[in-house]
């Protein structure tokens, strides 16, 4: 029988299928009779299988790492895209909110209901919106000549008052549900008129002084004395 040492040298090539038919026959006959070489062969096969398994695991590990990196990039892009999308939605919503509830537009005369109250010379003129969820505001200022740019004054020498009416939506975030804008005048017997400014100051005027009210579609000039009667208020309607 061929020596075990020679058989053991042939076994690596035998396992890989590189030996000749004659060598295969000799190795096969030897293995039938030699238990030690059979055990040695099984050990070699086990080692080879283990090595292959390790290689497979390394390849799988590489594949898993590659997949993880791809998923990470996708997640990063998804998170970034989501953040950008949320920011864009917030910008759009803020624009809608600003346009609806913050931005003021000129109020048209047919969008306003003018109300009148007179209690013993204390007159309250109200400007109430005809539409729901709309608030009327008034900006009181002075009047300038459009051509010369000079400040216009009354016969008394006092600056001409100009009331500009504007409107905006009523924000659901505000508890103040007041929709109307009011002018308050107190008419005294000596022809003096007192009204409360937007800064809470009592302003003295004369009955002949002119109040200019600017709507979005027209401008009305009315002497203060006409505000004493409901008939005079009709000029504002």
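Here are the numbers for the structure shown:
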{"item": "Members of the stretch 14-25 that are out of contact with any helix residue (DSSP H, G or I) (no Cβ under 8 Å at 6 or more places or on another chain) and surrounded by 10 or more Cβ atoms within 10 Å (Cβ to Cβ)", "result": "18, 25"}
{"item": "Matching residues, the stretch 157-188, being at pLDDT below 85 and assigned to a loop (DSSP other than H, G, I, E, B)", "result": "170, 171, 172, 173, 174, 175, 176, 177, 178, 179"}
{"item": "Test: residue in the stretch 190-207 that is within 34 Å of the chain's Cα centre (by Cα) and modelled with pLDDT under 90", "result": "yes"}
{"item": "Residue in the stretch 133-144 that is touching a helix residue (DSSP H, G or I) at 6+ places or on another chain (Cβ under 6 Å), in the same structural domain as residue 182 (by TED's automatic domain parsing) and under 19 Å from residue 232 (Cβ atoms) present", "result": "no"}
{"item": "Residue list for the stretch 119-133, restricted to those being in a strand (DSSP E or B) and without any contact (Cβ under 8 Å) to a residue 24 or more places away in the chain", "result": "119"}
{"item": "Filter result for the condition that a residue is within 20 Å of residue 218 (Cα to Cα) and at pLDDT 90 or above, over 115, 153", "result": "115"}
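The values are calculated or read from the model by the stated rules, or taken from the named source; none is laboratory data. Computed from a predicted model, the values in this text were never measured in an experiment. Positions of Cβ are backbone-derived with ideal geometry, glycine not excepted, and every protein chain shown enters the neighbour counts.
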